[in-house]
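See structure below.
The values are calculated or read from the model by the stated rules, or taken from the named source; none is laboratory data. Please read all numbers here as calculations on a predicted model, not as lab measurements. Quick reminder, even Gly has a Cβ in these numbers, built from the backbone with ideal geometry, and neighbours come from all protein chains shown. Accessible surface areas use protein heavy atoms only, side chains included; no ligands, DNA or RNA. Shrake-Rupley method; radii C 1.70, N 1.55, O 1.52, S 1.80 Å.
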Amino acid sequence: MVTLFSIYPQGITATNIQDAIALFERTLITPDSPFDLYLQGDQDALSKVQKEGYKLFKSLGCISCHQGRNVGGTLFQRIGVYATETQLSQLQEQDQGRFEITGNKQDRLIFKVPSLRNITRTAPYFHNGSRTTLEDAVSDMGRLQLGQELSKQQIEKLIQFLESLTGIYSGSAS
Ligand code: HEC
(Lines give C-alpha, C1' and ligand atoms only; values in the text may rest on other atoms or scores of the structure.)
Protein backbone atom coordinates (compact mmCIF):
# COMPACT_ATOMS: atom_id res chain seq x y z
CA MET A 1 0.00 0.00 0.00
CA VAL A 2 1.20 3.50 -0.82
CA THR A 3 1.41 5.60 2.33
CA LEU A 4 2.60 9.12 2.94
CA PHE A 5 5.82 7.77 4.45
CA SER A 6 6.58 5.39 1.61
CA ILE A 7 6.58 8.35 -0.80
CA TYR A 8 7.94 10.99 1.56
CA PRO A 9 10.01 9.33 4.31
CA GLN A 10 10.58 12.72 5.98
CA GLY A 11 6.82 13.23 6.31
CA ILE A 12 5.23 16.63 5.96
CA THR A 13 7.92 19.21 5.19
CA ALA A 14 7.85 22.39 3.11
CA THR A 15 9.81 20.72 0.30
CA ASN A 16 7.53 17.69 0.25
CA ILE A 17 4.41 19.83 0.19
CA GLN A 18 5.83 21.77 -2.79
CA ASP A 19 6.67 18.52 -4.53
CA ALA A 20 3.18 17.07 -3.96
CA ILE A 21 1.48 20.22 -5.22
CA ALA A 22 3.73 20.34 -8.30
CA LEU A 23 2.95 16.67 -9.07
CA PHE A 24 -0.76 17.30 -8.67
CA GLU A 25 -0.62 20.39 -10.89
CA ARG A 26 1.13 18.40 -13.58
CA THR A 27 -1.93 16.11 -13.77
CA LEU A 28 -4.00 19.21 -14.51
CA ILE A 29 -2.26 19.66 -17.84
CA THR A 30 -4.63 17.88 -20.16
CA PRO A 31 -3.26 17.87 -23.70
CA ASP A 32 -4.67 16.59 -26.98
CA SER A 33 -8.22 17.80 -26.66
CA PRO A 34 -10.08 17.65 -29.99
CA PHE A 35 -9.69 21.44 -30.20
CA ASP A 36 -5.89 21.16 -29.79
CA LEU A 37 -5.79 18.54 -32.55
CA TYR A 38 -7.93 20.79 -34.74
CA LEU A 39 -5.56 23.73 -34.22
CA GLN A 40 -2.68 21.43 -35.10
CA GLY A 41 -4.31 20.83 -38.47
CA ASP A 42 -6.64 17.85 -38.02
CA GLN A 43 -9.75 19.22 -39.73
CA ASP A 44 -11.80 16.20 -38.64
CA ALA A 45 -11.04 16.58 -34.95
CA LEU A 46 -14.12 18.81 -34.55
CA SER A 47 -17.64 17.88 -35.63
CA LYS A 48 -19.61 20.18 -37.92
CA VAL A 49 -21.59 21.58 -34.98
CA GLN A 50 -18.41 22.10 -32.93
CA LYS A 51 -16.93 24.11 -35.81
CA GLU A 52 -20.10 26.21 -35.87
CA GLY A 53 -19.80 26.65 -32.12
CA TYR A 54 -16.19 27.77 -32.50
CA LYS A 55 -17.29 30.32 -35.12
CA LEU A 56 -19.94 31.63 -32.74
CA PHE A 57 -17.43 31.76 -29.89
CA LYS A 58 -15.37 34.10 -32.05
CA SER A 59 -18.13 36.12 -33.71
CA LEU A 60 -20.13 36.73 -30.52
CA GLY A 61 -17.00 37.92 -28.75
CA CYS A 62 -16.51 35.24 -26.07
CA ILE A 63 -12.94 35.09 -27.32
CA SER A 64 -12.25 38.70 -26.38
CA CYS A 65 -12.14 37.53 -22.76
CA HIS A 66 -11.59 33.76 -22.94
CA GLN A 67 -8.46 33.93 -25.02
CA GLY A 68 -5.03 32.38 -25.43
CA ARG A 69 -3.67 28.93 -24.96
CA ASN A 70 -6.05 27.97 -22.20
CA VAL A 71 -9.06 29.76 -23.66
CA GLY A 72 -9.05 32.06 -20.65
CA GLY A 73 -6.91 32.55 -17.58
CA THR A 74 -5.07 35.55 -18.99
CA LEU A 75 -7.20 38.52 -17.94
CA PHE A 76 -9.21 40.13 -15.18
CA GLN A 77 -12.56 41.43 -16.41
CA ARG A 78 -15.70 43.02 -15.06
CA ILE A 79 -18.67 40.79 -14.36
CA GLY A 80 -21.89 42.38 -15.54
CA VAL A 81 -20.58 44.54 -18.39
CA TYR A 82 -24.20 44.71 -19.58
CA ALA A 83 -25.94 44.14 -16.25
CA THR A 84 -28.83 46.33 -15.10
CA GLU A 85 -28.41 48.47 -11.96
CA THR A 86 -30.41 45.93 -9.95
CA GLN A 87 -28.32 43.01 -11.21
CA LEU A 88 -25.16 44.95 -10.43
CA SER A 89 -26.13 45.65 -6.86
CA GLN A 90 -27.16 42.02 -6.40
CA LEU A 91 -23.79 40.90 -7.74
CA GLN A 92 -21.94 43.34 -5.48
CA GLU A 93 -23.81 42.21 -2.40
CA GLN A 94 -22.40 38.73 -2.85
CA ASP A 95 -18.78 39.39 -3.73
CA GLN A 96 -16.99 42.51 -4.90
CA GLY A 97 -14.24 40.62 -6.69
CA ARG A 98 -10.68 42.02 -6.79
CA PHE A 99 -11.84 45.06 -4.80
CA GLU A 100 -11.92 42.82 -1.71
CA ILE A 101 -8.16 42.37 -2.08
CA THR A 102 -6.93 45.66 -3.55
CA GLY A 103 -9.43 48.13 -2.05
CA ASN A 104 -9.37 50.08 -5.36
CA LYS A 105 -12.81 51.27 -6.44
CA GLN A 106 -12.13 50.41 -10.07
CA ASP A 107 -11.64 46.77 -9.05
CA ARG A 108 -15.29 46.35 -8.00
CA LEU A 109 -16.74 43.25 -9.68
CA ILE A 110 -13.48 42.47 -11.46
CA PHE A 111 -12.85 38.73 -11.57
CA LYS A 112 -10.35 36.45 -13.21
CA VAL A 113 -11.54 35.19 -16.59
CA PRO A 114 -11.29 31.43 -16.09
CA SER A 115 -9.82 28.98 -18.56
CA LEU A 116 -12.53 27.00 -20.31
CA ARG A 117 -10.45 23.86 -20.73
CA ASN A 118 -12.30 20.78 -19.43
CA ILE A 119 -15.23 23.05 -18.65
CA THR A 120 -17.90 20.40 -19.25
CA ARG A 121 -16.32 18.42 -16.39
CA THR A 122 -16.00 21.19 -13.82
CA ALA A 123 -19.49 22.23 -12.72
CA PRO A 124 -20.67 24.15 -10.78
CA TYR A 125 -19.74 27.39 -12.52
CA PHE A 126 -18.56 30.90 -11.62
CA HIS A 127 -16.52 32.01 -8.60
CA ASN A 128 -19.44 31.26 -6.31
CA GLY A 129 -20.63 28.05 -7.97
CA SER A 130 -23.98 29.74 -8.57
CA ARG A 131 -24.75 27.89 -11.83
CA THR A 132 -25.01 24.13 -11.95
CA THR A 133 -25.45 23.74 -15.69
CA LEU A 134 -23.33 24.95 -18.56
CA GLU A 135 -26.53 26.04 -20.36
CA ASP A 136 -27.24 28.55 -17.58
CA ALA A 137 -23.61 29.68 -17.34
CA VAL A 138 -23.37 30.32 -21.11
CA SER A 139 -26.74 32.04 -21.18
CA ASP A 140 -25.64 34.33 -18.31
CA MET A 141 -22.43 35.14 -20.17
CA GLY A 142 -24.44 36.23 -23.22
CA ARG A 143 -26.70 38.46 -21.15
CA LEU A 144 -24.19 39.89 -18.66
CA GLN A 145 -20.99 40.06 -20.71
CA LEU A 146 -22.24 40.58 -24.27
CA GLY A 147 -25.68 42.17 -23.85
CA GLN A 148 -27.28 39.40 -25.92
CA GLU A 149 -30.06 36.95 -25.27
CA LEU A 150 -28.55 33.81 -26.81
CA SER A 151 -30.94 31.38 -28.50
CA LYS A 152 -31.19 27.75 -27.38
CA GLN A 153 -29.52 26.75 -30.62
CA GLN A 154 -26.60 29.13 -30.13
CA ILE A 155 -26.11 27.90 -26.58
CA GLU A 156 -26.15 24.28 -27.75
CA LYS A 157 -23.54 24.96 -30.44
CA LEU A 158 -21.32 26.84 -27.98
CA ILE A 159 -21.55 23.95 -25.52
CA GLN A 160 -20.64 21.44 -28.23
CA PHE A 161 -17.58 23.55 -28.95
CA LEU A 162 -16.74 23.76 -25.24
CA GLU A 163 -16.94 19.96 -25.10
CA SER A 164 -14.05 19.88 -27.59
CA LEU A 165 -11.84 21.53 -24.96
CA THR A 166 -11.74 18.36 -22.87
CA GLY A 167 -8.23 16.96 -22.95
CA ILE A 168 -6.58 13.78 -21.79
CA TYR A 169 -6.26 13.51 -18.02
CA SER A 170 -3.13 11.67 -17.04
CA GLY A 171 -3.68 11.65 -13.29
CA SER A 172 -5.68 9.15 -11.33
CA ALA A 173 -9.27 10.04 -10.65
CA SER A 174 -9.52 7.67 -7.66
C1 HEC B 1 -16.21 40.67 -20.97
C2 HEC B 1 -15.52 39.42 -20.69
C3 HEC B 1 -16.23 38.11 -20.96
C4 HEC B 1 -16.90 37.72 -22.10
C5 HEC B 1 -17.16 38.53 -23.35
C6 HEC B 1 -17.31 36.35 -21.87
N7 HEC B 1 -16.90 35.91 -20.65
FE8 HEC B 1 -17.20 34.06 -19.86
N9 HEC B 1 -16.40 34.70 -18.10
C10 HEC B 1 -15.86 35.95 -17.85
C11 HEC B 1 -15.51 36.06 -16.45
C12 HEC B 1 -14.87 37.27 -15.77
C13 HEC B 1 -15.89 34.83 -15.85
C14 HEC B 1 -15.79 34.46 -14.37
C15 HEC B 1 -17.11 34.76 -13.70
C16 HEC B 1 -17.16 34.41 -12.24
O17 HEC B 1 -16.25 33.75 -11.74
O18 HEC B 1 -18.14 34.78 -11.59
C19 HEC B 1 -16.45 34.01 -16.92
C20 HEC B 1 -16.91 32.71 -16.74
C21 HEC B 1 -17.37 31.88 -17.75
C22 HEC B 1 -17.77 30.51 -17.58
C23 HEC B 1 -17.74 29.73 -16.28
C24 HEC B 1 -16.32 29.22 -16.04
C25 HEC B 1 -16.12 28.51 -14.73
O26 HEC B 1 -15.11 27.79 -14.62
O27 HEC B 1 -16.91 28.65 -13.80
C28 HEC B 1 -18.14 30.04 -18.81
C29 HEC B 1 -18.63 28.62 -19.16
C30 HEC B 1 -17.99 31.12 -19.74
N31 HEC B 1 -17.51 32.22 -19.07
C32 HEC B 1 -18.28 31.04 -21.10
C33 HEC B 1 -18.38 32.16 -21.93
C34 HEC B 1 -18.96 32.13 -23.25
C35 HEC B 1 -19.47 30.89 -23.97
C36 HEC B 1 -18.93 33.42 -23.70
C37 HEC B 1 -19.53 33.95 -24.99
C38 HEC B 1 -20.96 33.71 -25.17
C39 HEC B 1 -18.30 34.24 -22.67
N40 HEC B 1 -17.99 33.44 -21.62
C41 HEC B 1 -18.05 35.60 -22.77
C42 HEC B 1 -15.66 36.95 -18.80
C43 HEC B 1 -16.23 36.95 -20.05
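Brief remarks follow.
- Relative contact order for the chain: 30 percent, from Cα pairs under 8 Å spaced at least 6 residues apart, divided by residue count.
- R0 of 30 Å, Cβ-Cβ distance I63-R121: FRET efficiency to nearest 0.05: 0.90
- Taking all protein chains together and a 1.4 Å probe, the residues K112, K51 rank K112, K51 from largest to smallest accessible area.
- Probe 1.4 Å, all protein chains present, accessible-area order of S172, S164, largest first: S172, S164
- Counting only heavy atoms of the protein chains and using a 1.4 Å probe, S59 has close to 90 Å² of accessible surface.
- Under 12 Å, Cβ to Cβ, from D140 - net charge with Lys/Arg +1 and Asp/Glu -1: -1
- Surrounding net charge for K157, when Lys and Arg each add one and Asp and Glu each subtract one, Cβ distance under 11 Å: +1
- In plain terms, the chain from L4 to T133 could stretch by 42.8 nm, reckoned as 0.36 nm per residue minus the Cα-Cα distance.
- Subset of K105/K157; K58/K112; K112/K152; K105/K152 violating a 31 Å alpha-carbon distance limit: K105/K157; K105/K152
- Distance from region 74-89 to region 97-159 (C-alpha centre basis), Å: 10
- Working from Cα pairs under 8 Å separated by at least six residues, relative contact order for region 125-174 is 25 percent.
- Counting only protein heavy atoms and a 1.4 Å probe, the chain has 65 square angstrom of accessible area per residue.
- Ratio Rg/Rh, restricted to the chain and using Cα atoms, in which Rh is the Kirkwood radius: 1.05
- Potential lengthening between I168 and Q96 on full extension [0.36 nm per residue; Cα-Cα distance subtracted]: 22.4 nm
- Carbon and sulfur %, accessible surface of region 1-122 computed with the full protein complex present, 1.4 Å: 56
- Computed [θ] at 222 nm, deg cm²/dmol, the chain (DSSP H ≥ 4; -39,500 (n - 2.57); rounded to nearest 500): -12500 deg cm²/dmol
- For the set I29, I101, I17, the ranking by accessible area, highest first and with no ligand, DNA or RNA atoms included, is I101, I29, I17 under a 1.4 Å probe.
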